[in-house]
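Throughout, read-outs are computed from the coordinates displayed, never taken from laboratory work. Note that the coordinates shown come from a computational prediction; the quantities given were computed from them, not determined experimentally. With ideal geometry, Cβ positions are generated from the backbone for all residues, glycine too; neighbour counts draw on all protein chains shown.
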């Protein structure tokens, strides 16, 4: 018998289903908190891991989501140019309040509020990618096209 998903992973599964996706959230015995750990756990390249990074716009204090390839570092100046204001760090409380998830398991969907989202163009080179699903050991496999469609994100060069 299959073990039921934790509440956070279940929230992501419900969000995916609610958007019409048949993707399946899985909880793994190994941690997927970092891109390297996630890649090892699912057997893919680090670049195929979707990092969901939440930033805080300094003036408006709105959350900004960057879904980046696990192989890349976000060029914050580039994102600042796109949003028209400086970026700040989002602390754990801000991330949980605005997304409904803890750092280390933030998924690209299912957030507490709508987030302006930027999708790393480097993710588009892969047939399949893997994203966090609400906990440090929950993930789901999807296509880059699914990611763009489900987030409504703007595809940009982030590094």
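Hull surface divided by four, with the convex hull built on the Cα atoms of segment 78-159: how many nm²? It would help to have the intermediate numbers written out before the result.
On the way: hull surface 22.1 nm².
Approximately 5.5 nm², given one-decimal rounding.
Counting only DSSP beta bridges with both residues in segment 67-159, what percent are antiparallel, rounded to the nearest 5? Please list the in-between numbers first.
Working: 4 of 8 bridges.
Antiparallel: roughly 50 percent of the beta bridges in segment 67-159.
Can you order the peptides 89-101, 44-56, 110-122 by their average number of other Cβ atoms within 10 Å per residue, highest first? Walk me through the numbers before you get to the answer.
Values: 89-101: 16.8, 44-56: 21.1, 110-122: 19.2.
Top of the packing list down: 44-56, 110-122, 89-101.
Between 82, 123, 65, which gets the highest mean-square fluctuation from a Gaussian network model of the chain, Cα cutoff 10 Å?
Per the Cα network of the chain with a 10 Å cutoff, 82 tops the list.
When DSSP beta bridges are limited to those with both residues in the chain, what percentage is antiparallel, rounded to the nearest 5?
65
Using only the Cα atoms of the chain, what are the Rg and Dmax in Å?
For the chain, the Cα-based Rg and Dmax read 14.6, 51 Å.
Order of 24-32, 140-148 by packing, highest average Cβ count within 10 Å first? Display every interim value, and only then the final one.
Values: 24-32: 16.7, 140-148: 18.6.
Listed from highest to lowest mean packing, they are 140-148, 24-32.
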